[in-house]
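Input: a single structure, listed below in structure tokens.
Every number in this text was worked out from the coordinates using simple rules, so none of it is lab data. Predicted model only: the values in this text are computed from it and were never measured. Every residue, glycine as well, gets a Cβ built from its backbone with ideal geometry; the counts of neighbours run over all protein chains shown.
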Amino acid sequence: MTDPKEEFKRIRESMKASGQQENFTGLFMGTFSSGKTSLIGTGRKPILIDSFDPNGTIVLRKQIDAGEVLVRDWSVDDYKNPSTYRLWEAQWEKDIREGFLKNFGTYAIDSGTNYITAMSYQISKRFGRPASTLAIQDYGVIYATIGDVVSLSSTQSCDFIMTMHLTYTKDDLTGEIMAEIDTYNKLRTKLPILFSERYVIRKEERSSGIVYEVLTNDKGRFRAGSRLAAEGKIETVEKPDLKAILKKAGFSTEDKPLFL
């Protein structure tokens with residue numbers, strides 16, 4: 001018979017060994033130019049961004065020039081003869097194998113929307129279909145692959161972030177206009193649950209000027225969610241400052257040495 005005290009001790013030791021809660025992982029969602037990439041730039045440095053959006057990191061050019069942010073550009077692909085995802089996958093697997101990501105304070109895939117598109121090009125090519133022509137079974141492959149990427153990227157002693165674009169859709173039951181992640185319908189509910197922190201970055205024009213907010217819980221047409229907010233560690237509306245959020249939540253805010 002299992003000794004409860006010994007099993008309790010084993011579980012606690014296993015939790016410590018797995019490094020749970022030592023680093024932050026989150027899905028940052030927002031419409032075009034809402035500040036998703038800028039929010040990444042407020043994280044722990046140095047920051048490595050695998051960019052799948054054309055010119056998507058231009059807002060961080062000062063930090064890039066300063067050596068605080070490194071960008072690998074994967075935004076160019078040929079949908080008739082795709083290769084971008086295959087090249088990225090080989091590089092990422094090498095990063096995991098050699099522990100390269102441990103040198104960074106933050107690692108980000110920006111954006112997951114175009115990342116999934118690149119993956120779908122590769123899947124279509126594999127089966128000789130036109131670009132992004134997916135079969136039902138392909139969605140399971142995409143979800144499982146992203147699950148592995150999120151899981152392994154989250155265990156590299158760095159904070160991990162994926163961004164997703166939002167698009168507006170009409171709820172068939174209520175007629176309400178809702179903001180959903182811009183990806184295939186079959187992934188819209190499956191993808192967010194891979195992350196404990198799911199933030200919406202909102203940009204609003206007010207009398208005082210343009211205001212940027214980070215929503216950590218559902219608000220109006222936006223769907224967000226946070227275990228940290230549920231625990232009372234952060235507010236349901238935060239300023240777009242990732243380090244400030246990390247500090248409130250009890251995560252490390254320390255930078256790592258820059259590659260200079």
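Cross-link check: pairs K62/K125; K102/K125; K5/K102; K45/K203 evaluated at a Cα-Cα cut-off of 27 Å; pairs beyond the cut-off: K62/K125; K102/K125; K5/K102.
Mind checking segment 124-205 for chymotrypsin sites (Phe, Trp or Tyr not before Pro) that DSSP puts in a loop (not H, G, I, E or B) and that have at most 13 other Cβ atoms within 10 Å?
Working: sites: F127, Y139, Y143, F160, Y168, Y184, F195, Y199; in loops: F127, Y184, F195.
Within segment 124-205, the qualifying chymotrypsin sites (Phe, Trp or Tyr not before Pro) (loop, at most 13 other Cβ atoms within 10 Å) are F127.
Find how much the distance from A244 to S151 grows on full extension, using 0.36 nm per residue of separation minus their present alpha carbon separation; answer in nm with one decimal. Walk me through the intermediate numbers first.
On the way: separation 93, 0.36 × 93 = 33.48 nm, distance 2.45 nm.
The span from A244 to S151 would gain 31.0 nm if fully extended.
If you take the C-alpha gyration tensor of segment 162-260, multiply each eigenvalue by 5 and take the square root, what semi-axes do you get, largest first, in whole Å? Kindly include the intermediate steps, with their values, before the conclusion.
Numbers: eigenvalues 142, 62, 42 Å².
Three semi-axes, in Å: 27, 18, 15.
Remark: the Cα gyration tensor places the chain in the rounded category, a/c being less than 1.5.
Pairs exceeding 31 Å between alpha-carbon atoms, taken from K94/K256; K9/K256; K190/K247; K170/K248; K9/K219: K9/K256; K170/K248; K9/K219.
Note on Q137 and S252: their simple-model spin labels are 4.3 nm apart, each label 7 Å out from Cα toward Cβ. Distance between the modelled labels on V211 and D65, one decimal in nanometres: 3.2 nm (7 Å Cα→Cβ projection). Of the trypsin sites (Lys or Arg not before Pro) in segment 53-85, the ones in a loop by DSSP (not H, G, I, E or B) with at most 16 other beta carbons within 10 Å are K80.
Between A144 and K5, the simple spin-label model (points 7 angstrom out along Cα→Cβ) gives 4.4 nm. Over segment 68-155, the reciprocal of the mean inverse Cα-Cα separation, the Kirkwood hydrodynamic radius, stands at 14.0 Å.
For the chain, complete DSSP H runs whose alpha carbons reach 24 Å or more along their own long axis and whose mean Kyte-Doolittle score is -1.0 or higher are 136-153.
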